[in-house]
Structures are given as C-alpha cells and as structure tokens.
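The values are calculated or read from the model by the stated rules, or taken from the named source; none is laboratory data. These figures come from a predicted structure and were not determined experimentally. The protein model used for the area step is the full one, side chains on, heavy atoms only, and it has no ligands, DNA or RNA in it. Shrake-Rupley method; radii C 1.70, N 1.55, O 1.52, S 1.80 Å.
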Amino acid sequence: MTTAGPALDRPTPAATLGGAVVMARYGLRSHRWALAGVACLGFISPYSAGASYAAAAGTAALRASLGRQTTALGPQLAYLVPLPIHPNTVAGYVWWKGLTWMSLVFAAWGLAAATGLIRNEEERGLLEAWLASPLGRGRLLLSRSVAFGVTAAAAVVVTGLGTAAGVAAGKGAVGLAALWEQAAPLLGITLVAFAIGLAAAQLTVTRRAAVMLGGLVLIVLYGIDASARVNSSLAGWALISPFHLADLTTAVVPGGRFDGAATISLYGIAAALIALSVVGFRGRDLWSSVLRRREVGGQVSRGFSANPLLRVPVLRSLWQQRAGLIGWLLGSMMGAALVVSLAHGAGKLLTSTHGFSGYLRAAGTGNPATAVVGSIWLSIAALTVAAYAITQASHWASDDADGRLEMEIAQPVPRWSVVLERSLALAVASLVISALGAVVVAAVAPSQGVHLGGGRLVISTGLLVLLALSFGALGALAIARVPRVTVPLLAAIAVVSFYIPLLAPLFKWPGWTLDISLFHLYGEPLTSGLYWTGLWIMVAIVVVGLGGAVAAMRVRDLGR
C-alpha cells in the first residue's frame, strides 16, 4: 500500500495580496516616463490655449470677433474636434482648442500601455516569471490595471491644473467642481482605450498585431463620433462611441453640463472589457490567442523564401512592416486632403480676426489659404513623420531586447550595416509617406485657390525626410546607451519641439530657444523658403547621431 505524497502548498491570502501589491508597484514604476510625457502635454495644451486667447482677444470687441469666427470655423473642423461652445469666453476657447483633442492623446496612451502590459512583457519573457509567483493570472492583470488607473488619474489631475492655469492666463476663472466633472470622462475614455488594448492583446499573438487591432477599433469609434457631428442622422449611432460619451460633458464651459449617465457608461464599458480580458487571459496559453486556429497539416519547408524582396537589405525591412506602412500612407494622404480642403474657410478666419494678423505676416504670404496649407498641413506632416520615426525607434529597441538583433548580426554582416539599413529604410519610408501627402496637396490645393510652386513642394518633402532622420538618429544613439528610455525620450523631444514655437512668442523667449525645436528647424518651406540654419543643424544631428550609433554598435553588448 502506498501513501500519497504531501499536497502542494497553496498560496496564502497574505502571499497573494503581497504579490498583487508588488505587481501594482512595478506597474506604477513602468508607467512613470509615459506619465511624465502625457501629463506635460496635458498641462501645456490647455494652458497655451488660454495664453493664446489672452494675446489674440485682449478687448471685448476682439473676444466677440474671435468667438464669431471660431464658431464659423467649427463645422469645417468637426471631423477633427467637437463643435466650439461659447468660444468668445476663455473657458470655452480653452475647452475647444486645448482639451477636446486630449481624449485622443490619452486614448493612444491607454492602448499602448495595455498592449505593452501583456504582449510586450510576454515577448520579453517577463510574463512567465510573473506567473511563476503565487499570484494568479486574474489578480496579476487586475493589479496592473489598477496601477495604470492610478497613473492615468494623476495625468488627468495635471491636465485639470493646466486647464485652471490656462483659464487664469486668459483672465477667467473656473470652479473646482467643474474641473473634477470635466476630468471624470477624460479618465473614463483613457480606461476604455486601455481595456480595448487588453482585449486586443487576448485576440492576437504579438504586440504589433494587438496595437493594430486596438488602433483600428479606436479609429472606427472616433470616426463614428466625427461623422455624427457633421451628419445629425447618425446621432443615434454615436452613442456606441466612447469618444461621443466623453464629449457630452462640457463642465468647464460657461453654461456647460456634466453628463453623469455617459460618464458612468464609460467606466462600465472599461470594467466589462477588463473582466472579459481577465477571462480570456486565464483561459489561453502563453504566446497564443483565445481564438485558437485549427492546425492544418502541411509540408514543412526549411529552404530560403522565394520572395526576392527579402534578399534586398532595405526592401526587406519595408516588406516586413508593409501592413503598418500602408496605414501610415493612408493616414498621410487622408490628412493632407482634409487639411487642404479646409484651407479656404480657415483662411477667412485669419483675415477677419485681428489677433491673427501677425500670423499672416510671419507666414510670408498674402494668401491666407496658402498660409494654412503651408503651416497647418506641414505641421501635421512633420508630426506624422516624427511619430513614424519614433515608432521605428521603438521597433529597433524591441529587436535588441527580444533577441532579433542578436540573430541578425550572427549572420556574416558587419554591425555598422544594421544601423545603415535601419536609417535607409526609415528614409525611404518617410519619403514615400511625405511624397504621397504632397501629391494629394498638389491635386486638391487648386480647388481652394492655392497654387503652390513645385520646387518648394519638393523641398518641403525632402526636409520631411531629413526631419524623420533627425529623430531616427537621436533614437539610434539613445538605443546604444539607454535603450529602455529611448521611446519616452524621443516623445519628450517631440512634445518640447512642438510647443516651443507656440510658447516662445507668447512669453517673449529669446530667439535662440526656437532652434531647440526640431520642428522649428524644419521651418515653413512652402511659404517662407528654406531655413538654412535649421537645415545644417538637422544635418549635424543626423551625422553625429548615426555616427555615434555606428561606433557604439561595434563595441557594445546587446540587450543593454
């Protein structure tokens, strides 16, 4: 007769609780850089809107004029942001210009955080270590979700402080209760996006696939909300969009309201999706999806791929990211078409509002529509290529961390060729993205009374490639030294570069501070011509950054 061996010890409640606390603390620590960047943007955006309102509308007559023109411009921008409400007041202007688009920023952060929480840590092998602890899968996911919720709440609070500071800068006031009411749906939409990212991570196998799926869902939901703003017959459909539920609260606007039912719905949606994600996470295997595919038998091939593009150094990198690259191309083309189609109406705002008269002089053109195309579209194009470059830097850092780079340099290729191939692939992709956007601008601009010179359009496109390479060179250099903070560092550089040209004239900063901004170095080549100082500084950044990355790649250890 044999006796059963000792039963496995079950984790005690104290051990489980301790593990949850440790995971929550780790989650808070992992979000600290993203928190700093998003909170900074959340404070600066409403504050700069209030400061610009004070500069453009110093008298009652100017405030009334700005309010009328903004109200007239609102329907043309309805696909981008909600319609303005009382824009003749500083609080209404701050809400429309500084807060409405922040829901997109917070949503993007939530999606990125959720996919990194599951799939990124799974690809790096960290998730196996977490699951080896007494903490169960459900508690692991919930503790990390709570950590993100606390971090998001801190960013929302900083955004509220920026709103109060922006209204005060415009010589207005907003109540504390209104700030809390406005903050509640912003936190809600952030948690919904986070929950969508968690759900997408259970339905896909890789982080890139989860980001693409979650991003597609958010784009569709935002598109439904935007379509309903310009077509009242779609108002009923807008109720399924969390962005529409968040937009229903306008507490900081004079006479605005707090929609409690819509706000509660946001938190209910987030809770339901997180609960479903927990169920899916508990039921699936690591490195797999909850949607198990049926295995189909077939012949295993161990030979070389027949795809000739995979044998060409730069083209193979572009082929591997073909799905994402198509998305960037379509986004660039659609954005260019939308901005140029609004040039005529936006130009009227510039000419009829006294506060913007200096803008036209600075643009270097007497045609306000041309100023809009040359400034707004190029600003969006610059942000697009910068975001693409930061995304590519993130992929480079991931390749270093998950072992792909080690496999690549194990082949008979010199290390410096890795940096060169990455840079050339970034340059080619940025060129295609910028060129297709420029083609759309050239095709649509004449219908808006804008006639652009072909030479300047070509120069603008070439400078966009140089701008992308500047971010890429900084990213390559950062990966060689501090790979884990590369993406937050580049994001911080992008945010600072975006706001310096906006804040420097308002606060009368010295002229040299403008050259700290990479976007200022790019200039406005469509209207003001080539900014030679910026050109040479960006060339120097590319040369030094890539040179340093090549030198570091030859001697450094991988994964550090």
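A few points about this structure:
- Distance from the alpha carbon centroid of segment 82-146 to that of segment 428-495 works out to 26 angstrom.
- Accessible area per residue for the chain is 48 Å², calculated with a 1.4 Å probe on protein heavy atoms, without ligands, DNA or RNA.
- Heavy-atom accessible surface of the chain: percent carbon and sulfur, 1.4 Å: 68
- Distance histogram for segment 174-286 (every C-alpha pair counted, 5 angstrom bins, percent rounded to whole numbers): 2, 13, 18, 19, 18, 13, 9, 5, 2, 1, 0
- Calculated from the structure at hand, percent of Cα pairs over 47 Å apart is found among [x] 37; [y] 15; [z] 21 as [y].
- Normalised alpha carbon radius of gyration of segment 368-449 [divisor 2.2 N^0.38 Å]: 1.53
- For segment 36-119, the fraction of alpha-carbon pairs lying more than 19 Å apart is 46 percent, rounded to a whole number.
- Helical mean residue ellipticity (222 nm; -39500 (n - 2.57) per DSSP H run of 4+; nearest 500) of the chain: -23000 deg cm²/dmol
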